[in-house]
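A.B. asks: Dropping the structure in here first, questions after.
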Amino acid sequence: MRDKGLKILQLTKKFPFPLKDGESIAIDYMSRSMFELGHELSLLSMNTVKHNFNLKELPADYKHYHKIYCVEVDNRIKVVDAFLNLFGQDSYHIQRFISKEYEAKLIEILESEEFDVVQLETLYLSPYIQTIRKYSKAIVVMRSHNVEHEIWKRIMENTDRGLKKFYLDLLTKRLEKYEVDQLNAYDLMISMTERDQNFFQDLGMKIPSLVAPIGMDLGRYPEKQINNKSLEFCFIGSLDWVPNQEAVQWLLDDIWPRVIKHRPKAVLKIAGRNAPEWMLRIQSPGMNLIGEVEDARQFIEEHAILLVPLKSGGGMRVKILEGMAMKSLVITTSIGIEGIQAENEKEVFVADNPDRFADYMIHALDYPQQVVEMGEKAFHFIQSNYDVVEISKKVIDEYKQVIDSKVNI
């Protein structure tokens, strides 16, 4: 077993800053904690049109990466490419993240420096495995944030019959085939939840695997008094992401009218970037669509009740972990709470039908002291189970075991 720090090259499909979405938070928190544990990390990131970031805007304390490489990648959905893809067999989801420029930079890095680990953040970096194998002896680790095809399968199942459903079904089946075909291409699979790990094993995964949930940097969520939180409901998330759009539509169509009927003065604030036109046109009593906020953590921290009414999606919801870490009462669904072993009606409220969901919301307004008490319990739950440093130690130990096993072959 080696004692020195590991050299890790991390591949991402978007630059993991600012911390405005779960993927960026998951990448950032673990990377910082690995650096603090004495390991050297370099980053090779795509800089896409949708999530474009100017590296000159990085804060002065962004120093956990030894080197940062950023490659401009245009992965926008293009009508012609999407149409032509129909006549092939490849997954269009994956195809959009294949870049000759990104591959060239990867080769340049691997030829100039030796690494112990190449860590792929999400399935969309899998097309570069062969290149990594050719130019490096590092172990290849997939850090799977979700079962990707399951997200799209749920979206497809929630779509009304018609051409769109047919197209989504086709895309989902191709993505599933690709994800399954890649399962044993890595040296190690890291899943966010035990459920995802079991899912992959049922699909035929035989390689070593580890469950390592998204960890919270507890220093960012110090203990605070929560009686001054506004007793209002809030929702926050990228509003161009289909599962979030589904969640908002379900909330506004089926849940919020029930709440307003019984509590006419209730307030709901919806925050997030890139709201679609149909959402901008919605007018509902007590509802305020405020768009993108500068500080997502501050937005959650100001509100006593965080709503996460997801009907599709996968992996682990960082916003739920953040809400609990900031002592907000989280009201969510079974899909929303997947992978988080919080107890219903103790640390969170969980409901899958609109009547029950609305009942929990009304109950929260009527019993503010219980909101405070559950917020405290949620905070201590995060403290006990989601310390990112402890999780990162487990991951590093597993990396060393896999490296040693390859050396001894």
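A.B. asks: Would you please state the base-10 log of I(q)/I(0) at q = 0.13, 0.29 1/Å for the stretch 14-69, with intensities from the Debye formula using one equal scatterer on every alpha carbon?
C.D. replies: Once normalised to I(0) and log-transformed, intensities are -0.31, -1.45.
A.B. asks: Decide, for the stretch 114-238, between rounded, prolate and oblate: order the square roots of the alpha carbon gyration tensor eigenvalues as a ≥ b ≥ c, take rounded if a/c falls under 1.5, and otherwise choose prolate if a/b is larger than b/c, else oblate. Intermediate values should be presented prior to the final figure.
C.D. replies: Details: a/c = 2.38, a/b = 1.19, b/c = 2.00.
Oblate shape, in that a/c is at least 1.5 and b/c is the bigger or equal ratio.
A.B. asks: Rg and Dmax of the stretch 64-167, using alpha carbons, in Å: what are they?
C.D. replies: Here Rg and the maximum Cα pair distance are 16.8, 52 Å.
A.B. asks: Points 7 angstrom from Cα along the Cβ direction at GLU114 and ASP254: gap in nanometres?
C.D. replies: With each label point 7 Å from Cα toward Cβ, the separation is 5.7 nm.
A.B. asks: How many times 2.2 N^0.38 Å is the alpha carbon radius of gyration of the chain? All intermediate terms of the calculation are to be shown ahead of the outcome.
C.D. replies: Working: Rg = 21.6 Å, N = 409, 2.2 N^0.38 = 21.6 Å.
This ratio for the chain stands at 1.00.
A.B. asks: In what order do MET361, MET216 fall by count of nearby beta-carbon atoms within 10 Å, going from fewest to most? Don't skip to the end; give the middle numbers.
C.D. replies: Values: MET361 26, MET216 22.
Listed from fewest to most nearby Cβ atoms, that is MET216, MET361.
A.B. asks: For the stretch 187-304, state what percent of all Cα-Cα pairs lands in each successive 5 Å bin, counting from 0 Å until the bin that includes the largest distance.
C.D. replies: Per 5 Å bin, starting at 0, the Cα pair percentages come out as 2, 9, 15, 14, 14, 13, 12, 11, 6, 3, 1, 0.
A.B. asks: What list of ³J(HN,Hα) values in whole Hz, one per residue of the stretch 377-390 in order, does the Karplus curve 6.51 cos²θ - 1.76 cosθ + 1.60 (θ = phi - 60°) give from phi, with Gly and Pro shown as x?
C.D. replies: Karplus-based 3J(HN,Hα) across the stretch 377-390 equals 5, 4, 4, 5, 4, 5, 4, 7, 10, 9, 6, 5, 5, 5 Hz.
A.B. asks: Extending each Cα 7 Å along its Cβ direction at LYS394 and GLU36, get the distance between those two points in nm, one decimal.
C.D. replies: Going by the 7 Å Cα→Cβ label model, 1.7 nm.
A.B. asks: Tell me which residues come under 5 Å, amide H to amide H, from CYS70 once H is placed; ignore anything under 5 positions away on its chain.
C.D. replies: Residues meeting the criterion, in which the H sits 1.01 Å from N, are SER45.
A.B. asks: Between LYS173 and ASP202, 0.36 nm times their residue separation minus their Cα-Cα distance comes to what? Each step should come with its number before you reach the end.
C.D. replies: Details: separation 29, 0.36 × 29 = 10.44 nm, distance 1.70 nm.
Length difference between fully extended and current span is 8.7 nm.
A.B. asks: Once you place label points 7 Å from the Cα toward the Cβ at ASP387 and SER334, how far apart are they in nm?
C.D. replies: 3.4
A.B. asks: Now for a different question. Just to be sure I understand: if I project the alpha-carbon convex hull of the stretch 219-385 onto a plane and average over all orientations, what area do I get in nm²? Intermediate results must be reported in sequence, preceding the final value.
C.D. replies: Values: hull surface 35.0 nm².
In nm², the orientation-averaged hull projection of the stretch 219-385 is 8.8.
A.B. asks: Nearest 500 deg cm²/dmol is fine: what mean residue ellipticity at 222 nm does the chain get from its DSSP H runs of n ≥ 4 alone, each adding -39,500 (n - 2.57), divided by its residue count? Walk me through the intermediate numbers first.
C.D. replies: Details: 16 runs with 169 residues, N = 409.
Computed mean residue ellipticity for the chain: -12500 deg cm²/dmol.
A.B. asks: Between LYS4 and ILE107, what FRET efficiency follows from the Cβ-Cβ distance if R0 is 30 Å, with the result rounded to 0.05? Intermediate results must be reported in sequence, preceding the final value.
C.D. replies: Details: r = 26 Å, r/R0 = 0.87.
For R0 = 30 Å, the calculated efficiency reads 0.70.
A.B. asks: Provide the per-residue ³J(HN,Hα) series for the stretch 154-166, in order, calculated from phi with Karplus coefficients 6.51, -1.76, 1.60 and θ = phi - 60°, each as a whole number of Hz, with x at glycine and proline positions.
C.D. replies: Result, ordered by residue: 5, 4, 4, 5, 8, 9, 5, 4, x, 4, 5, 5, 4 Hz.
A.B. asks: I'd like the distance separating the alpha-carbon centroids of the stretch 362-376 and the stretch 119-186, in whole Å.
C.D. replies: Measuring centre to centre over Cα atoms gives 40 Å.
A.B. asks: Convex hull over the alpha-carbon atoms of the stretch 1-46: what's its volume per residue in Å³? Show your work: numbers first, answer last.
C.D. replies: Numbers: hull volume 3.3 nm³, N = 46.
Once divided by residue count, the hull of the stretch 1-46 is 72 Å³.
A.B. asks: For LYS165, give me every one of the aspartates and glutamates with a C-alpha distance below 14 angstrom, ignoring sequence neighbours fewer than eight places off in its own chain.
C.D. replies: Filter leaves GLU157.
A.B. asks: Right, next: Counting only residues 5 or more places away or on other chains, whose amide H sits under 5 Å from the amide H of GLN10 once H atoms are built in the peptide plane?
C.D. replies: SER42, LEU43, LEU44, GLN119
A.B. asks: Turning to a different aspect of this structure: How high is the FRET efficiency from VAL79 to PHE166, r the C-beta distance, R0 22 Å, rounded to 0.05? Walk me through the numbers before you get to the answer.
C.D. replies: Details: r = 17 Å, r/R0 = 0.78.
In this case the efficiency is close to 0.80.
A.B. asks: With a 10 Å cut-off between alpha carbons and a GNM built on the chain, which of GLU23, GLU113, GLU338 moves the most?
C.D. replies: GLU113
A.B. asks: Cα-based Rg of the stretch 263-303 per 2.2 N^0.38 Å, rounded to two decimals? Let's see the in-between values first.
C.D. replies: Numbers: Rg = 11.3 Å, N = 41, 2.2 N^0.38 = 9.0 Å.
Dividing the Cα radius of gyration by 2.2 N^0.38 Å gives 1.25.
A.B. asks: Which parts of the stretch 1-45 would a label at ARG273 reach, counting a residue when its backbone N lies under 19 Å from a point 7 Å out along Cα-to-Cβ?
C.D. replies: 12-29, 45
A.B. asks: When a footprinting reagent is the concern and you count Cβ atoms within 10 Å, what order do SER312, SER144 take, fewest first?
C.D. replies: Values: SER312 22, SER144 26.
In increasing order of surrounding Cβ atoms, one gets SER312, SER144.
A.B. asks: I would also like to ask the following. Over the stretch 219-385, what is the relative contact order in percent, taking alpha-carbon pairs closer than 8 angstrom and at least six residues apart? Show your work: numbers first, answer last.
C.D. replies: Details: 280 pairs, mean separation 40.5, N = 167.
Over the stretch 219-385, the number comes to 24 percent.
A.B. asks: Give me the number: length gained by fully extending ASN52 to TYR69, i.e. 0.36 nm times residue separation minus the C-alpha to C-alpha distance, one decimal in nm. Don't skip to the answer; put the middle values down first.
C.D. replies: On the way: separation 17, 0.36 × 17 = 6.12 nm, distance 1.39 nm.
Answer, rounded to one decimal: 4.7 nm.
A.B. asks: Over the chain, calculate the relative contact order: mean separation of alpha carbon pairs under 8 Å at least 6 apart, over the residue count, as a percent.
C.D. replies: Numbers: 710 pairs, mean separation 62.9, N = 409.
Taking the mean separation of contacting Cα pairs over the length of the chain, I get 15 percent.
A.B. asks: So between ASN353 and ASN158, what do we pick up on full extension, going 0.36 nm a residue minus the alpha carbon distance?
C.D. replies: Values: separation 195, 0.36 × 195 = 70.20 nm, distance 1.46 nm.
Here the segment from ASN353 to ASN158 would lengthen by 68.7 nm.
A.B. asks: What ³J(HN,Hα) values, in whole Hz, does the Karplus curve 6.51 cos²θ - 1.76 cosθ + 1.60 give for the stretch 32-45 when θ = phi - 60°, with x put for Gly and Pro?
C.D. replies: Using θ = phi - 60°, the values come out as 4, 5, 5, 4, 5, 7, x, 10, 9, 10, 10, 10, 10, 10 Hz.
A.B. asks: Something else now. For ASP240 and ILE282, FRET efficiency with R0 = 22 Å and r from the beta-carbon atoms, rounded to 0.05? Walk me through the numbers on the way to the answer.
C.D. replies: Details: r = 16 Å, r/R0 = 0.72.
Step by step, r from the Cβ atoms, then E = 0.90.
Values quoted throughout were computed directly from the atomic coordinates according to the rules given, and no laboratory measurement underlies them. Owing to the predicted nature of the structure, the values given are computational and were not obtained by experimental measurement. We place every Cβ from the backbone using ideal geometry, glycine too, and count neighbours over all the protein chains shown.
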